[in-house]
Amino acid sequence: MNIELPYSWIKEFVRTKLSPEEFAARLSLSGPSVDRWRKMGEGLDGVVVGEVSAIENHPDADRLRIAKTRVGKSDTTIVCGGSNLRVGMKVAVALPGAAVRWHGEGEPVVLQKTKVRGVVSEGMICAANEIGLFDAFPHEEREILDLSFLSVAPGTPLAEALELDDTIFEIEVTSNRPDAFCAVGMAREAAAVLDAPFLWKPASPPGPIPSDEVETVEIQLEAPKLCPRYQAAVVKNVQVKPSPWWMQKRLIAVGLRPISNIVDITNYVMLETGQPLHAFDADRLEKKNGKYFLAAREAKKGEKILALDGKEYDLTAGMLVIADAKRPAAIAGVMGGEKTGVTRDTTTVIFEAATFDPVSIRRTARKLNLPSDSSLRFEKGLSTESTTAALARAVELAQKISGGAPASPLYDRRAKPYRAPVFSWDPKDTIRAMGVATPVANMKKMLQKLGFSVRAAGKTFKVTVPYWRDHDIEASQDLDEEVARLYGYHNIPAKLPDSDLAEWPDQTELLWEDRLREFFRGAGFTETYSNSFVSRDLLKKAMWDVPVLVVQNPLSEDLAVMRPSLVPSILQVVADNEIENPTGSIFEAANTYMPRKGELPYEGLMLGGAVWGESPNGELFFQAKGVIEAMMKQWNIDAQIKPSELKKGQTLGHPGRRMSIMVDGEEIGIVGEIHPTVLERFGIKHRVAVFNFAVMNLVSKAQPMTYEPLPQFPPVRRDISFIVSERTAYDEIVGIMRREELLRRFELFDVYRGEGIPAGQKSLAFHLSFADPSRTLTSEEADRALSSLATELKKKLGADVREA
Amino acid sequence: MNVQEIQKWQDEAVSQVPKAQDLAALEALEIKYLGRKGEIVRFFEEMKNLSIDDRKTFGEMLNGAKAAVADAVARRRVELERGALGKLGETEWVDTTQPGVRPAEGHLHLVTHAMREITRIFERIGFYRVRYPEVDWDWYAFESLNMPKDHPARDEWETFFIDAPEDPKRGKIVLTPHTSNGQVREMESGRMPIRMINIAKCYRRQSDVSHAPMFHQFEGLYIDRNVSLAHLKGVFDHFVHSFFGQNRKTRLRTHHFRFTEPSVELDISCDICGGTGRRAGGEKCRMCKMGWLELGGAGMVNHNVLRAGKIDPKKYSGFAFGWGVERTMMMRSGLRIDDIRILYKNDLRFLRQF
C-alpha cells in the first residue's frame, strides 16, 4: 500500500537536513521504500500573485474586461473574462512563459503575450483549474481564483505564497506496517534509519473541566473481540467552516479533498498518527437516559444505514457498528452514518478513536464494497495503544481551528489490560541469518532506536516490543529483520552457496517434458500454452463428457472447470488460427486434471497436438501418426499404435481414421482425425488430426539405447510391387514380410490406385533389402527369397505380384 | 647428351606448355615431354652410357628438369580447368536471391524459453528442478507457510478454490496461487541440503495487462546449515548478471511476506536510465522507481515453515524466493510486451516469432 506524504510533514517529527533525493534513497535502503517523488509547486513557475487596481470594459467583447493588475512595481494589462473579477482582488497571474491548462483541460500550454480581440494582454488571470488547484479551490465555470486571503505583496511567486515549495514522496509501506503509514510513523522509521533525533511528542489530553460542565458519554463494548478499545471525547462550541490553508494544503498534497475543519481534523490526525478517527454531531445522536451513548456491537438483522457516501447499506450479522441509543451511527472502522455526521450547523462534536478487529473490518468493507481510508488502516491491524494520542490531538486541533472547547475527559473503555509482547533474543541467531558478524552492542542500539527495549537475561536478551509494533513482531526471528535492515542489506556481502552440493537427480517428468518439447519443435510444430481453465461449453462442443474438477469461484464461465484433456483446447486454438493459417501444426505439454474422492485430483502431464489442412486420403492422419512413430523410434519406446474402439465420453474421433497408443494393453493416448461434425461445432472449415498422450505412461516404455553392429556383408537390393484388395492392411503385409528370414529391411515407397489397377484394389511397391549377417548373399539366394515372399503374398493375401 | 642439351629441352618445354590452348593440347604436350615414350625417357636411357660419377650429376639434373616441366604442366592444367569452370556460373546460373528451402520450422513458447534459461542459470550453481502439484491442499499452499486462516490471500477473491469437500487436516483444495506449496513438500522429502528450483503454473483471481489468471512462477529454496542473507544476495546477483547482464546492479529492500523473515523485495537497476532515475535530458525516468525495478520477493525461510516441514530451525536455516516467470522475462530489455495476456492467446502469428 502506498502513501503520499510531504517531506515537510515528516520533517516536523525528525530532524534531518538531507535533500529530498538523499532522504528517499537512504530510507528506501533500510525502511519503507520511496517509489516516486515530486515537487509540489511543480507547474507554477511564472505564476505570481497580482492585485487588480482598475477594471475597464473591453471595447469589442461583452464578456471580457481589461484588468490593470499589479504584479510587482508596475501595472500590467490583462484581458480577463472572470465573472467574479473586482478591483482590489488578489489573483493568480500567469505571466508569459508560464504553463496553463485552458479551462482546466488538456495538456499545459505555454503562455505568450498576445492580443485578445485587439487588446494586448500581458498575461492571464487564472481560474484554479487552469493551474492545477481546483481541488484546493473549487469554483464555478468562469470564476477566477480569489487569493485575497493572502497577505503577500503583488509579484510574489504563487508557489511561495501558498507555501507549496515542498516535496511529496510516494512511499510503499508493507501491509504489516500500518504504524508507518503516517507522518509520525514515517518520521520514526527515518529517525532510526538515519540515526537522527525523533521529535514527536504525543498531544496532551485536555486539562480538568469543571464537573458541572462535563458531558458524559456512556460507552458499551458489546463485542469485545471486534472492538477491544473505544475512546471518545466531546468538544462543544465548535464552529464548522473551512480549515486553515496549512491544513488544507497537506490534505490536498496527499490527495484528500478538504471538506470542513472538523472532518479535516479527523483526516489530518489519521495521516499524522495513523489512527483513523470519526466525528459525530453529538446533537444528532440519540441519547440514553439523557446521556450520550455509544455502543460497539454487531449489526442486528435487517438493520440498514445511510452512510456518508449517500448510499444506504444493508448490514448483516458479524458486521460491527457503532450505535447510539437507537440505531447504527457508523459502520465501525469503515464509514460514518450520514444522519449523525458533522454538518455546517454542528456545534457539539464527539470524536471517536477506537481499535477494531482487522479481519472483521476487511470482510465488512469487502462485503459492502466500501473500502475507505479508515478500513484500509484498520484491516492491517492497529495497536489498541495508539488511540489516546490521536484523540488528544483531535481535541487540541478542534480548539485551535474551530474555536471549540473540550467538554469531557478522554473516555476510555477497553476489553482487557494491555500487555506488551516480550521475546527472548539471541544475537547469534541474527548473525547467522545475516551471514555477517556485528557487535552485539550495535545490534542492541539498532533495536532501541526502533523503540524496542532490550534487557540482558543470561546469555540472551529479553526484548519488549513497542506498542506500535505489537501486531507485526510475532517472534524473535522478526528481530533479525529489524537489525539486518538497519545494518543495511547493501552492507551484507554477496556469497554463492559454498556448502555440499545437492546431488539429487532431476525429476524424470521434467527431463522428458523438455526432450519432447524439443522433439516436436524440431518436427516443425509450434508450441502453445492454453489456459488450464476451460468452459463447460468447450467440453460440450468437443463431446468430451467426463467428470471434471470444478472451480468453486471462477472468474467467469469461460474459466469454470479445470480441463480433463488438452484436446478441446487444442481444437479451439485451431479454430482461432484457421483463417490466418489454412494449414499448421501445434503442440502443447501441460497437466490435465481429474477429480478423485477424498484425495487431491489426478494431475498428469499430457502432450497433445494437431495438424490441420486438407486430408482427402487421410494425409493428416498419417502426418499425426508419423510424428508419433518418429518420436517412439527416437527413444526406442516400446508402445503400439493400434486400432481401437472409441472410449465412452470421448467420441470426437473420426471412426475410420483413428488409432490408440497402447502400453501394456492399455490406451494411454490417441492419434487420429477429428469427426467432421465436431469440427463443425468449432466452426473449423478444414480437417484436423490430433495426437494426445500421457507422457509418463509412454516414456516409461523407453528402452535403453542399444548398439547394433554395422553389417559386415553387403545387402542385395530388390523391389517388389503387387496389387491387393483396397482393404488389405499394411500390418498384414508386414506380418508376412517379417517372417522372411533373409529380408532385413523393407520400405513402402508407393501406393497407387487408378488407371491400370482394378477398382477396389491398390498397388503397393516396396524397397527390399536381403542380407545374411554371417556371409555375403548371392544374387540367386536373394532371388529365391524374393520369390518365396511373392508366393506367400499370393497365398495369404491373394496378391497379384507385378514385378519382383 | 650434355648439359646444354638438357637445359635447352627444359627451356623449350617450359615455354611451350603455357601455350597449350586447351586440356587436350596440354595432354599432348605432356605425353610428348614426359610420357612413357616421351623425350625425357630418351635422356634417361642415354644415362646408361655414362660413367658412375656423370650418372649422378646428370641424374640430378634430369630429375630437376622433369620436375620443372611437370610443374609447368600442373600449373597450366589448373589455369585451363578454372577457365572451363569459369563458364559454370553461366551454364548453371540460379537466382541466389530467392529464399532458401527451409526445414519444417517449429517454435517453442516464450515461456518455455524463459523457463529453460532460468533453469540453466540455477543449475550452474547446483540447484535441481522439481515439480509439485498445481492443485494442492490448503495446508501446503497456505497453512504450513505461516499464513493464518484469516489471511487476505486465503479469501476467496484472491485464490481459486476447488469445489470439493474440505479435508479435516489439510483443508480445502486450492489452485496454487504461488509455487511456494513446493517448499514444505520438498522439506518432507527428507533430503538435505535442499537447493531446489520449482517452476510451475500458478493461479490467481486477477486479469489485466500485467496479470493473467494462469501464470508461472519459479521458486528457489536453499536449506542447509548456516544459510544466510549473504547467500541470498550471492544467488540473486548470479541470476541477475546471467539473465539481465553483468552491468545490472541489485538491491535488497525491506518487504513483508508471511513465509519469510526477514523478507525482502529484490530490485534490479533500470536499464532505461542506467539506474539513475533520470533520463539523459534530466527528466524523471518513467520506467522505474527512482532507478530501480522490482523483480520479486524473497527472504529467509520463516522458522514456522521449517517446523512445518519437520526441519529444526536451530540446526538449519534457508532462504526462499518466488518470482513470476512472465514478469521476469518481460522485464528483460528488448522484449517489450505490454500485455501479459497475449502469451496465452495462442495466436500463431505471435508464437512463430520465437
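The values are calculated or read from the model by the stated rules, or taken from the named source; none is laboratory data. Computed from a prediction, not measured in an experiment: that's the story for all the values here. For neighbour counting, all protein chains shown are included, and Cβ atoms are generated from backbone atoms with ideal geometry for every residue, glycine included. Only protein heavy atoms, including side chains, enter the accessible area calculation; ligands, DNA and RNA are left aside. Shrake-Rupley method; radii C 1.70, N 1.55, O 1.52, S 1.80 Å.
Summary of values
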{"read-out": "For A:Gly341, distant residues with modelled amide H under 5 Å away", "value": "A:Asp281"}
{"read-out": "Cross-link partners of A:Lys795 among lysines (Cα-Cα below 25 Å; sequence separation of 8 or more within a chain)", "value": "A:Lys762"}
{"read-out": "Filtered GluC sites (Glu not before Pro), the stretch A:555-593: DSSP coil and at most 13 other beta carbons within 10 Å", "value": "A:Glu580"}
{"read-out": "Global geometry of the stretch A:195-268, whether rounded, prolate or oblate, following the gyration tensor of its Cα atoms and the 1.5 cut on a/c", "value": "prolate"}
{"read-out": "Residues B:Ile272 and A:Tyr730, FRET efficiency given R0 of 60 Å [Cβ-Cβ distance, rounded to 0.05]", "value": "0.45"}
{"read-out": "Dipole of the protein assembly as shown, positive end: most advanced residue of A:Ser211, A:Phe198, A:Leu368 [Cβ charges, Cα centre]", "value": "A:Ser211"}
{"read-out": "Vicinal HN-Hα couplings computed from phi for the stretch A:448-455 (Karplus, 6.51 cos²θ - 1.76 cosθ + 1.60; Hz; Gly/Pro x)", "value": "5, 4, 7, x, 7, 9, 10, 10"}
{"read-out": "Spacing of the two label points (7 Å from each Cα toward its C-beta) at B:Asp22 and A:Ala325, in nm", "value": "13.1"}
{"read-out": "Cβ-Cβ FRET estimate between A:Trp245 and A:Arg366, R0 fixed at 41 Å, reported to 0.05", "value": "0.65"}
{"read-out": "Computed Rg/Rh of the stretch A:15-160, alpha carbon atoms with Kirkwood Rh", "value": "1.09"}
{"read-out": "HN-Hα J in Hz across the stretch A:705-716 - Karplus 6.51, -1.76, 1.60, θ = phi - 60°, x for Gly and Pro", "value": "4, 10, 10, 9, x, 6, x, 7, 10, x, x, 10"}
{"read-out": "Filter on A:Lys17/B:Lys284; A:Lys73/A:Lys115; A:Lys291/A:Lys400 - keep pairs with C-alpha separation over 31 Å", "value": "none"}
{"read-out": "Listed residue pairs exceeding 22 Å between alpha carbons, taken from A:Lys301/A:Lys326; A:Lys304/A:Lys326; A:Lys249/A:Lys449; A:Lys236/A:Lys304", "value": "A:Lys249/A:Lys449; A:Lys236/A:Lys304"}
{"read-out": "Neighbour-limited loop hits for chymotrypsin sites (Phe, Trp or Tyr not before Pro), the stretch A:149-198 (at most 12 other Cβ within 10 Å; DSSP other than H, G, I, E, B)", "value": "A:Phe149"}
{"read-out": "Unmatched cysteines, chain B - criterion: no other Cβ of a Cys under 4.7 angstrom", "value": "B:Cys202"}
{"read-out": "Ellipticity estimate at 222 nm from DSSP helix runs (n ≥ 4, -39,500 (n - 2.57)) divided over chain A, nearest 500", "value": "-7500 deg cm²/dmol"}
{"read-out": "Zone residues, the stretch A:762-803, relative to A:Gln712, backbone N less than 13 Å from point 7 Å out along Cα-to-Cβ", "value": "A:772-777"}
{"read-out": "In Å², nearest 10: area of A:Val93 left accessible to a 1.4 Å probe", "value": "0"}
{"read-out": "Rounded FRET efficiency, nearest 0.05, which uses the C-beta distance separating A:Glu22 from A:Glu42 and R0 of 22 Å", "value": "0.70"}
{"read-out": "Accessible surface of A:Thr728 - all protein chains present, 1.4 Å probe, nearest 10 Å²", "value": "10"}
{"read-out": "Shielding of B:245-256 by partner chains, average beta-carbon count, 10 Å", "value": "5"}
{"read-out": "With DNA, RNA and ligands ignored, accessible area of A:Lys339 (1.4 Å probe; Å², nearest 10)", "value": "120"}
{"read-out": "1.4 Å probe accessible area per residue over the stretch B:228-354, in Å²", "value": "40"}
{"read-out": "For the stretch A:334-343, Karplus couplings with θ = phi - 60° (6.51, -1.76, 1.60), whole Hz, Gly/Pro x", "value": "10, 7, x, x, 5, 6, 10, x, 7, 10"}
{"read-out": "Proximal lysines to A:Lys541, defined as alpha-carbon separation beneath 16 angstrom and excluding residues fewer than eight positions away on the same chain", "value": "A:Lys648, A:Lys685"}
{"read-out": "Heavy-atom accessible area order for A:Ser408, A:Ser700, largest first, 1.4 Å probe", "value": "A:Ser700, A:Ser408"}
{"read-out": "Long-range HN-HN contacts of B:Cys285 with modeled amide H, under 5 Å", "value": "B:Arg278, B:Arg279"}
{"read-out": "Three-way shape call for chain A based on the alpha-carbon gyration tensor, with the a/c threshold at 1.5", "value": "prolate"}
{"read-out": "Under 5 Å, built H, 5+ apart or other chain: amide partners of A:Asp35", "value": "A:Glu170, A:Ile171, A:Glu172"}
{"read-out": "Contact surface B-A: accessible area buried, both sides summed, square angstrom, 1.4 angstrom probe", "value": "8200"}
{"read-out": "Chymotrypsin sites (Phe, Trp or Tyr not before Pro) within the stretch B:138-198, DSSP loop, no more than 14 other Cβ atoms inside 10 Å", "value": "B:Trp157"}
{"read-out": "The stretch A:102-208 - percent relative contact order, Cα under 8 Å, separation 6 or more", "value": "12"}
{"read-out": "Solvent exposure, largest accessible area first (probe 1.4 Å, DNA, RNA and ligands not counted), of A:Phe525, A:Phe749", "value": "A:Phe749, A:Phe525"}
{"read-out": "The protein assembly as shown - percent of accessible surface contributed by carbon and sulfur, probe 1.4 Å", "value": "50"}
{"read-out": "Residues of the stretch A:475-524: accessible area per residue with a 1.4 Å probe, Å²", "value": "44"}
{"read-out": "Residues of type lysines that B:Lys48 reaches as a straight line, Cα spacing below 24 Å, ignoring anything fewer than 8 places off in the same chain", "value": "B:Lys8, B:Lys32, B:Lys37, B:Lys56, B:Lys66"}
{"read-out": "Of A:Lys416/B:Lys169; A:Lys444/B:Lys149; A:Lys642/B:Lys345; A:Lys459/B:Lys315; A:Lys428/B:Lys315; B:Lys19/B:Lys87, pairs whose Cα-Cα distance is over 24 Å", "value": "A:Lys416/B:Lys169; A:Lys444/B:Lys149; A:Lys642/B:Lys345"}
{"read-out": "Helical segments meeting 18 Å axial Cα length and Kyte-Doolittle 0.0 threshold in chain B (DSSP H)", "value": "B:110-123, B:229-243"}
